[in-house]
Amino acid sequence: MAYEDDALERMHRIMTEGRSAMVENVNRVHRGEPAVMRELAVRGERTPSQLADATGNSAGRISAILSSLEKKGWATRTIDPENRRKVIVRITPEGLRLVNLHKKAMDDRVRWVFGQMGRRRTEEFLSLFEAMMTYMSLCGPGQPMPDEDAIRAAFERNGIPYEPAEDRETVLPDDVKDKFIMHRCGQEGDDTAKDADAANPGKDQS
């Protein structure tokens with residue numbers, strides 16, 4: 001097994017088996033009520049459609065979430081006086097207090113984790129994680145694999161030194177690999193046909 005396959009399998013295993021209460025709590029922030037409250041806390045007043053787009057929820061799901069937040073006193077919905085068809089959603093002071101309280105609790109726990117890892121390993125982790133996220137930003141599904149100039153430019157945009165690994169390998173994803181193979185086969189087929197034509201100059205070209 002190539003080291004890339006082993007690394008991918010290990011990463012999936014760590015993410016699956018290493019789930020903790022804190023990780024589950026972090027995941028909940030990115031869906032449902034916590035996601036909507038965080039969006040309101042950071043961006044200010046929003047419309048339901050803006051909240052749906054920002055959190056990846058359907059219009060019906062957002063409506064249910066907002067109804068729940070209103071009942072808890074964490075958000076309000078009002079009609080825009082300048083456009084009666086527009087609904088404005090705002091977070092309440094209590095809702096904002098809870099968002100800030102949750103953020104502080106999560107930050108405290110992550111600080112504890114970094115404290116256990118120590119300064120050196122924390123710095124190594126953050127540097128590697130930053131580099132990994134930069135690479136991942138360049139290789140979305142369906143996108144062409146980036147060349148050296150594109151990689152270097154992405155690292156420069158993020159203010160990260162670009163230091164290619166000495167033992168790096170070019171490993172094509174299956175979807176890119178299939179297209180590459182099909183392209184190469186097509187080229188080889190064309191070359192074969194040209195060679196055959198060159199070998200038989202009298203061949204009928206019709």
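Within the stretch 114-134, count every residue that is of a type in the set (Val, Ile, Thr) and either surrounded by fewer than 13 Cβ atoms within 10 Å (Cβ to Cβ) or in contact with a strand residue (DSSP E or B) (Cβ under 8 Å, 6 or more places away or on another chain) (or both).
Within the stretch 114-134, residues that are of a type in the set (Val, Ile, Thr) and either surrounded by fewer than 13 Cβ atoms within 10 Å (Cβ to Cβ) or in contact with a strand residue (DSSP E or B) (Cβ under 8 Å, 6 or more places away or on another chain) (or both) number 0.
Is it true that some residue in the stretch 161-176 is charged (D, E, K, R), part of a helix (DSSP H, G or I), under 25 Å from ASP6 (Cβ atoms) and modelled with pLDDT of 50 or more?
yes
Which count do you get for residues in the stretch 75-109 that are open to solvent by 60 Å² or more (accessible area, probe 1.4 Å) and touching a strand residue (DSSP E or B) at 6+ places or on another chain (Cβ under 7 Å)?
Selection size over the stretch 75-109: 4.
Scan (1) in contact (Cβ under 8 Å) with a residue 40 or more places away in the chain; (2) open to solvent by 70 Å² or more (accessible area, probe 1.4 Å) for the single condition ASP149 breaks and write down its number.
Here ASP149 meets the rest and fails (1).
May I ask you to list the residues in the stretch 34-74 that are among the charged types (D, E, K, R) and surrounded by fewer than 17 Cβ atoms within 10 Å (Cβ to Cβ)?
Within the stretch 34-74, ARG43, GLU45, ASP53, ARG61, GLU70, LYS71, LYS72 meet the criteria.
With the requirement that a residue be out of contact with any Cys (no Cβ under 7 Å at 6 or more places or on another chain) and assigned to a loop (DSSP other than H, G, I, E, B), what does the stretch 115-145 give you?
Passing the criteria: GLY118, SER137, LEU138, CYS139, GLY140, PRO141, GLY142, GLN143, PRO144.
Could you give me the residue pairs with C-beta distances under 9 Å whose first residue belongs to the stretch 55-76 and is among the charged types (D, E, K, R), whose second residue is surrounded by fewer than 14 Cβ atoms within 10 Å (Cβ to Cβ) and at pLDDT 95 or above wherever it lies, and which are 6+ apart or on separate chains?
LYS72/GLU94
The values are calculated or read from the model by the stated rules, or taken from the named source; none is laboratory data. The structure presented is a predicted model; accordingly, all values stated were derived computationally and were not measured. Using ideal geometry, Cβ is built from the backbone for each residue, glycine included, and neighbour counts are taken over all protein chains shown. Areas reflect the complete protein model, heavy atoms only, side chains present, ligands, DNA and RNA absent. Shrake-Rupley method; radii C 1.70, N 1.55, O 1.52, S 1.80 Å.
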